[in-house]
1. State the number of residues belonging to the range 94-132 that are small (Gly, Ala, Ser) and under 20 Å from the mean Cα position of the chain (by Cα).
2. If Ile98 satisfies every condition in (1) at pLDDT below 95; (2) β-branched (Val, Ile, Thr); (3) open to solvent by 20 Å² or more (accessible area, probe 1.4 Å) but one, which is the exception?
3. If we scan the range 117-140, do we find a residue that is β-branched (Val, Ile, Thr), in a strand (DSSP E or B), open to solvent by less than 20 Å² (accessible area, probe 1.4 Å) and out of contact with any His (no Cβ under 6 Å at 6 or more places or on another chain)?
4. Scan the range 52-80 for residues that are in a loop (DSSP other than H, G, I, E, B) and either touching a Ser or Thr at 6+ places or on another chain (Cβ under 7 Å) or open to solvent by less than 70 Å² (accessible area, probe 1.4 Å) (or both) and jot them down.
5. Does the range 41-70 hold any residues that are under 14 Å from Leu122 (Cβ atoms) and not β-branched (Val, Ile, Thr), and which are they?
6. Of the conditions (1) in contact with a strand residue (DSSP E or B) (Cβ under 7 Å, 6 or more places away or on another chain); (2) surrounded by 15 or more Cβ atoms within 10 Å (Cβ to Cβ); (3) assigned to a loop (DSSP other than H, G, I, E, B), Lys104 satisfies every one except a single condition; which number is it?
7. List the residue pairs whose Cβ atoms are under 7 Å apart, where the first residue sits in the range 55-73 and is touching a residue at least 40 places away in the same chain (Cβ under 8 Å) and at positive phi, the second is part of a strand (DSSP E or B) and aliphatic (A, V, I, L, M), and the two are 6 or more positions apart or on different chains.
Amino acid sequence: MIRLIKNIVFLCFIFFVGYIFGIKEVRFVEIISSSMEPTLKPGDRVVVVKKDILRRYDIVIIDAPKGKKEILTKRIIGLPSETIEVKDGDVFINGKKINEPYIKERPVYSIKVEIPENSYFLLGDNRNKSEDSSVWGPVDISFIRGRVVCRYWPLKEFSFLKKSFLSGRL
């Protein structure tokens, strides 16, 4: 009887691992730049799942759309068909200012962009030291590899990346 229970538990474990690595396409990624500070720092390690549904403020892993081949981490700010404007240190979506308590410092640049279908406007939280959509423009969905769900390293900073600070916001 105990052997049967062990086999059932082992089989459930195998199905769970298959689900996580197959269906959810889980990846483990090391952060290599300071563009997402203070949220994520170089050397942090994160868990990434496939890009099933992408929402504003999700942190995503992308293939660099321009320049050398590397994996970058950015935050989704603008969605398809929206107009993004950065001016006077604030970000506006379709003319409405958004609250951004997670950024390191307010941006010192200005830009206005219409986002095409199947594209997203991505910015680093370290706005003035990030190569992102303020440089490349909107990023096609094909460059987005997945969505960051948690930081697991360093262990003392383990956290699920939530959007609770944005309740009731755009």
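The values are calculated or read from the model by the stated rules, or taken from the named source; none is laboratory data. None of the values given here were measured: they were computed from a predicted structure. As a convention, Cβ positions derive from the backbone with ideal geometry for all residues, glycine included, and neighbour counts pool all protein chains shown. When the accessible area is computed, the model is the full protein with side chains, heavy atoms only, and any ligands, DNA or RNA have been set aside. Shrake-Rupley method; radii C 1.70, N 1.55, O 1.52, S 1.80 Å.
1. Within the range 94-132, the first condition is being small (Gly, Ala, Ser), and the residues that meet it are 95, 110, 119, 124, 130.
Pick out the ones that are also under 20 Å from the mean Cα position of the chain (by Cα) and you get 119, 124, 130.
Looking only at that region, the number is 3.
2. (3)
3. Going residue by residue through the range 117-140, those that are β-branched (Val, Ile, Thr) are 135, 139.
Within this subset, residues satisfying the condition of being in a strand (DSSP E or B) are 139.
From the residues that got through so far, the ones that are open to solvent by less than 20 Å² (accessible area, probe 1.4 Å) too are 139.
Those still in the list that are out of contact with any His (no Cβ under 6 Å at 6 or more places or on another chain) too: 139.
Yes, the conditions are met somewhere in the range 117-140.
4. Step one: list which residues in the range 52-80 are in a loop (DSSP other than H, G, I, E, B), which gives 52-58, 64-70, 79-80.
Leu54, Arg56, Tyr57, Asp58, Ala64, Pro65, Glu70, Leu79, Pro80 - these are the residues of the range 52-80 that are in a loop (DSSP other than H, G, I, E, B) and either touching a Ser or Thr at 6+ places or on another chain (Cβ under 7 Å) or open to solvent by less than 70 Å² (accessible area, probe 1.4 Å) (or both).
5. Within the range 41-70, Lys51, Leu54, Arg55, Arg56, Tyr57, Asp58, Asp63, Ala64, Pro65, Lys66 qualify.
6. Of the numbered conditions (1) in contact with a strand residue (DSSP E or B) (Cβ under 7 Å, 6 or more places away or on another chain); (2) surrounded by 15 or more Cβ atoms within 10 Å (Cβ to Cβ); (3) assigned to a loop (DSSP other than H, G, I, E, B), the odd one out for Lys104 is (1).
7. Tyr57/Ile76
Residues are listed down the side, and each one gets a yes or a no for (1) among the β-branched types (Val, Ile, Thr); (2) at pLDDT 95 or above; (3) under 18 Å from the mean Cα position of the chain (by Cα); (4) within 24 Å of Gly67 (Cβ to Cβ):
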| position | (1), (2), (3), (4) |
| --- | --- |
| Ser134 | no, no, yes, yes |
| Ser142 | no, no, yes, yes |
| Val148 | yes, no, yes, yes |
| Phe165 | no, no, yes, no |
